[in-house]
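First comes the structure, then the notes that go with it.
Computed from the coordinates by the stated procedures, all read-outs in this text should not be read as laboratory data. Given the structure is predicted, the values throughout are model-derived calculations rather than measurements. Neighbour counts run over all protein chains shown; Cβ positions are idealised from the backbone, glycine included.
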Amino acid sequence: MRSPSLPQWLSQWMPAVCLAAVALAACHDTPSETTPIMNGRSQPLRVGDAAVPINGSAFSLTLLAVLEDARCPRQVVCISAGTADISLGYRVGSGPTVPVRLRWGAAPSDTVIGTVRVRFDSLVPWPEVPGPLLPQSRYVAWLTLRTPP
């Protein structure tokens, strides 16, 4: 019996896709990394990682958790794209961490901390089928931090 083969286009792109996946996985060494965030560019943040705005703001921002992922799965037909909720924690200096809940797909998708506007742009991976949350370590939230000119 013959085993099913991959479509030609997929087999041509598979090495590049695998290499990209390995490269992305290698970019995340350990939890609780601190990443400088550039003004106005959407950048990734994994659960447990912290970001510090490069404008010299005295706060750090940590993705604490993905609280809810109610986005429409790829293999389902929905009337809306759905929503996803994350919990961010911000901390000024050595003060306590203050949680903030942001929502993709509905308000509130952004907040202002000091003079920095924090916007929740997207969450990956996108769900394939209906079901529970993925393990927290699989999620990456894309955030934009913007300071006034």
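Couple of notes before you dig in:
- Anisotropy class of region 31-146 from Cα gyration tensor, a/c 1.5 cut: prolate
- Taking amide H as placed 1.01 Å from N in the peptide plane, residue 121 has its amide H under 5 Å from the amide H of 142, 143, 144, each at least 5 places away in sequence or on another chain.
- Inter-probe distance in nm under a simple model that places probes 7 Å from Cα toward Cβ, at residue 142 and residue 117: 1.8 nm
- Residue 110/residue 77 FRET efficiency (R0 25 Å; Cβ-Cβ; nearest 0.05): 0.30
- Neighbour-count order for 59, 120, fewest beta carbons within 10 angstrom listed first: 59, 120
- Likely footprinting exposure, 78, 72, fewest C-beta neighbours within 10 Å first: 78, 72
- Among 121, 49, the ranking by other beta carbons within 10 Å of each residue's beta carbon, starting with the fewest, stands as 121, 49.
- The simple spin-label model puts a point 7 Å past each Cα toward its Cβ; for residue 87 and residue 134 those points are separated by 2.0 nm.
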